[in-house]
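Student: Please read through the structure below; I'll follow up with questions.
What follows draws every value from the coordinates through simple rules; no lab data is involved. If you're wondering where the values come from, they're calculated on a predicted model, not measured in any experiment. Virtual Cβ from ideal backbone geometry, glycine too; neighbours counted across all protein chains shown.
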Amino acid sequence: MKKTYQLSLLAAISLLLLAFWVPTQDSKQDNKVVLTGKVLHIATQKGITKAYVMVHQIIDGPDAPLIDTAYTDQEGAFALEIPMGHTFKLSAEAPGMEGSSVFVSSENLDRRSFSAVIQRDIVLSPEDKRR
């Protein structure tokens, strides 16, 4: 009787643990970070609408893979997904503006300790018409 009780208890605990240990629908999502920000005009600090934003992973070699792209909304805001554990070049361009880039790192992030969001703005300057 005691052995049956122990086996039943062990089975119940196992089922309880399995109930709470359910893999996510997309396990790749667990390794992603949301990269948000705004593309801003250098003089006005206002958001630039419809700026093209892209993020490339920094690797050894000539061809940095393109990870994600987006266009900014009416406030100049964007959101991209990047994998954890890497360094990236975040670039933006818009008509009449000089393109600009910044570096972003998702290395040393612990998804359990925060919401896995990185915020980084990019500032663009008007093109120099004298060239």
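Student: Using a Förster radius of 30 Å, what is the FRET efficiency between Thr36 and Lys129 based on their Cβ-Cβ separation? Nearest 0.05, please.
Tutor: Numbers: r = 32 Å, r/R0 = 1.07.
It comes out at approximately 0.40.
Student: With bins 10 Å wide starting at 0, give me the P(r) of region 27-126 over every alpha carbon pair, in whole percents.
Tutor: Cα pair-distance distribution for region 27-126, in percent: 17, 47, 29, 8, 0.
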